[in-house]
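Report on the following structure.
The values are calculated or read from the model by the stated rules, or taken from the named source; none is laboratory data. No experiment lies behind these values; they were computed from the predicted model shown. Cβ atoms come from the backbone with ideal geometry, glycine included; neighbour counts cover every protein chain shown. Just the protein is used for accessible areas: all its heavy atoms, side chains included, with ligands, DNA and RNA removed. Shrake-Rupley method; radii C 1.70, N 1.55, O 1.52, S 1.80 Å.
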Amino acid sequence: MGRDVTDRRLATEALERYADRLRALRAIDGAILAAWSSEEIARAALRHTRELVPCLGVAVWMIDLEAREIV
């Protein structure tokens, strides 16, 4: 008689996804700490976020609050 390992397989897959997210967040953290400018921080965060989140593209809008415009 075979054992149903569906729950174990699902739990293992969930742990693997969680570990992948933690690795990506650690990479983002390292990239942000290594960056020297806000532009470098944004580029690094976007690059890693795109790897983490399945999407066609990502964007960051920088807003000058005093001028009330996107820069």
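Values as computed for the structure displayed
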item: The chain: Cα Rg divided by the 2.2 N^0.38 Å rule of thumb; result: 1.69
item: Using a Förster distance of 30 Å, the FRET efficiency for Met62-Glu16 (Cβ separation, nearest 0.05); result: 0.30
item: By average C-beta atoms within 10 angstrom, highest first, the peptides 9-17, 24-32; result: 24-32, 9-17
item: Förster radius 22 Å - calculated FRET efficiency between Trp36 and Ile70 (Cβ-Cβ, nearest 0.05); result: 0.45
item: Cα long-axis angle, helix 6-34 against the chain (0 to 90 degrees, to the nearest 10); result: 20
item: Extreme residue, positive dipole direction of the chain, given options Gly57, Gly30, Val5 (C-beta unit charges); result: Val5
item: Whole-number accessible area per residue in Å² for the chain, which is evaluated in the context of all protein chains at 1.4 Å; result: 91
item: Within the accessible area of the chain (1.4 Å probe), percent carbon and sulfur; result: 58
item: Dipole magnitude of the chain about its Cα centre (Cβ charges: Lys, Arg +1; Asp, Glu -1), debye to nearest 20; result: 400
item: The chain: calculated mean residue ellipticity at 222 nm from DSSP helix runs of at least 4, using -39500 (n - 2.57); result: -21500 deg cm²/dmol
